[in-house]
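As C-alpha cells, the structure follows; a few thoughts come after it.
The values are calculated or read from the model by the stated rules, or taken from the named source; none is laboratory data. Everything numeric in this text was worked out from a predicted model, so none of it was measured. Here the Cβ positions follow ideal geometry from the backbone for every residue, glycine too, while neighbour counts run over all protein chains shown.
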Amino acid sequence: MKRKFTGLILFMIFILVFSGTTLAQQTLPFELEASSALLLDYESGQVLFSQNGKEEHVPASLVKIMTMYVAFDDIRAGRVSLQDTVTVSERAWRMTGSKMFLEPREVVTIEQLITGIAVVSGNDACVALAEALAGSEEVFVGRMNDKARSLNLDLHFVDVHGLSADNRITAEGIAVLVYHYLRDHPEAIEYHKQRSFSYQPRSSSKPIVQTNRNGLLNSYDGADGLKTGHLQVAGYNLVGTAVQNNRRLIGVVLGATSESRREREMTTLLNYGYRNFDLVNISRLLEDKTAKVFKGKRSQVGMKIAEPIITVPKGIEKNVSVGIQTKELEAPVAAGSQVGVLSIYVEGELTKQVPLLASEEVPRGSWYQVMWQSIKRFFQDLIRRR
C-alpha cells in the first residue's frame, strides 16, 4: 500500500449542542492554588484544563504509578503471577517513610506488595517488588525509564518509591501515563480504590490496618483512585480519577499546600470536567465516506476510526468541522490499516487528529482488473499533465 497522501481534503460541517469555552484555552477559566494542574478526559484522551501542565515537578510518591505499571506489564506477560512469593530483603525493610511494615526474611506475595503500594504507599513494598521482578531497584528503575520512553513521555525516574528529589514529571506527562496505565491494565483500579489495607508482620500479634491516603475516595462521588504524593520540596501532589455516568476523568494536582487543599483543587477540576463538557461519537460521520483503492477487487474502501469519541464543550450550538485526508491506496489493503487522517475542528481550531482506518479488506484485483486500472490511470495522468 502506498503511503503518499492525496491533496484532497473533504470538509463536513455539522451542528452539535455543546458549550462553554473551547478546548485548549489560552485564558484559563479559573486558577488553582497549586504549581501545576491538568484534567484529561479518559474516553477521548483530550486535555480539558492545563495550568503549567508542561512544567517539571518533583513527583514524590506519584513515581509508584510507574512502579505498578511495570509490575502489571510483567504479570500480563506471564513473567510473574500475583500469587508468586517474595522474600523481603533487609534493604526493603530499612526503607523510611510510608510503609506496609514488612520485616526481613518475611515471605509475601506479589499481590500483597502491589496492594501495599496502591493503598498505603509502602516504600518497603516498592523495593521488595523491584528486587523480586528485576533483581535490584537500579535495574527496575531502568525499566521504568524505558517504559516512559516507549510511551514518548517526558518523565525521569531515579528510584521506585519517589523519595528522591531528582525524580521529574510534568502534570501532562503523569496524566498521559495514567491514561495508558488504566487502558493497559484496567484491573489495577481495583487495588487503588481500596480504602484500607491490613497486613500482619511476623513480629506483630495482630494486623496493622492503614487507610488509603487518597481522601478523595471518601469525599468525591465516583472516585476510585489513584495516588497521592508528598515531599517538602514537592508539596502535596494528587492524581485523582473518578467515573460518573460511565465517563472517567483523570486529574493531576502538583505542589498544593496541604492534603486538604489538593483534594479541594481536585474536586474543582473534576467538577469542571463533568459540568462543562460532553462526549460525542463522530463515527456516524464516516458511514458513507470511502477512500479510493487502485488495483483492487473493489475501487474503494470504507473508513472508520479506532476511538470515535471526542470531548466538546456543552450548552450552546457551535459548528464543528471534520477534515478527511486520504492516502493514495494500492491493493491489497488490510482491514484496520491506516488509509488517512481525520482532523476535528471546534470553532475553527484543531481539537484532535486521529488515524482513519480501513473498515474492511480489499484484496488485489485479477490480472485483468490490474491491467485495466493501470491503463486507465496512465491516460488520466496523461490528460492531467496537458
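When Leu113 is tested against (1) under 29 Å from Ser44 (Cβ atoms); (2) assigned to a helix (DSSP H, G or I); (3) of a type in the set (A, V, I, L, M, F, W, C), just one condition goes unmet, and that condition is (1).
Summed over region 317-357, the residues that are assigned to a loop (DSSP other than H, G, I, E, B) and not charged (D, E, K, R) give a count of 7. Residues that are of a type in the set (A, V, I, L, M) and within 16 Å of Thr290 (Cβ to Cβ) were ranked within region 358-374; the one that is surrounded by the fewest Cβ atoms within 10 Å (Cβ to Cβ) is Ala358. When Glu328, Glu259 are checked against the criterion of being closer than 30 Å to Leu62 by Cα and at pLDDT 85 or above, Glu259 stands alone in meeting it.
When the residues of region 337-346 are filtered to those that are closer than 17 Å to Gln46 by Cβ and either surrounded by fewer than 20 Cβ atoms within 10 Å (Cβ to Cβ) or over 27 Å from the mean Cα position of the chain (by Cα) (or both), the one that is modelled with the highest pLDDT is Val341. Within the set Gly229, Gly235, the sole residue that is in contact with a Ser or Thr (Cβ under 6 Å, 6 or more places away or on another chain) and in contact (Cβ under 8 Å) with a residue 24 or more places away in the chain turns out to be Gly229. The single condition among (1) at pLDDT 90 or above; (2) of a type in the set (A, V, I, L, M, F, W, C); (3) in contact with a Lys or Arg (Cβ under 8 Å, 6 or more places away or on another chain) that Ala334 does not meet is (3). Right, Ser36: within 18 Å of Gly229 (Cα to Cα) and at pLDDT 95 or above or not? Considered against the rule, which asks whether it is within 18 Å of Gly229 (Cα to Cα) and at pLDDT 95 or above, Ser36 comes out as yes. Determine, yes or no, whether Gln83 is assigned to a loop (DSSP other than H, G, I, E, B), touching a strand residue (DSSP E or B) at 6+ places or on another chain (Cβ under 8 Å) and over 25 Å from Val176 (Cβ atoms). Against the criterion (assigned to a loop (DSSP other than H, G, I, E, B), touching a strand residue (DSSP E or B) at 6+ places or on another chain (Cβ under 8 Å) and over 25 Å from Val176 (Cβ atoms)), Gln83 qualifies.
Taking region 317-355 as the range and being in contact with a helix residue (DSSP H, G or I) (Cβ under 9 Å, 6 or more places away or on another chain) and under 20 Å from Lys295 (Cβ atoms) as the test, only Ala331 passes.
Restricting Ser283, Ser258, Ser299 to residues that are under 27 Å from Asp166 (Cβ atoms), hydroxyl-bearing (Ser, Thr, Tyr) and out of contact with any Asp or Glu (no Cβ under 6 Å at 6 or more places or on another chain) narrows the list to Ser258.
Yes or no, residue by residue, for (1) within 28 Å of the chain's Cα centre (by Cα); (2) at pLDDT 95 or above; (3) surrounded by fewer than 19 Cβ atoms within 10 Å (Cβ to Cβ); (4) more than 24 Å from Asn167 (Cβ to Cβ):
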| position | (1), (2), (3), (4) |
| --- | --- |
| Met1 | no, no, yes, yes |
| Lys4 | no, no, yes, yes |
| Met12 | no, no, yes, yes |
| Lys64 | yes, yes, no, no |
| Met68 | yes, yes, no, no |
| Thr87 | no, yes, yes, yes |
| Arg91 | no, yes, yes, no |
| Ser98 | yes, yes, no, no |
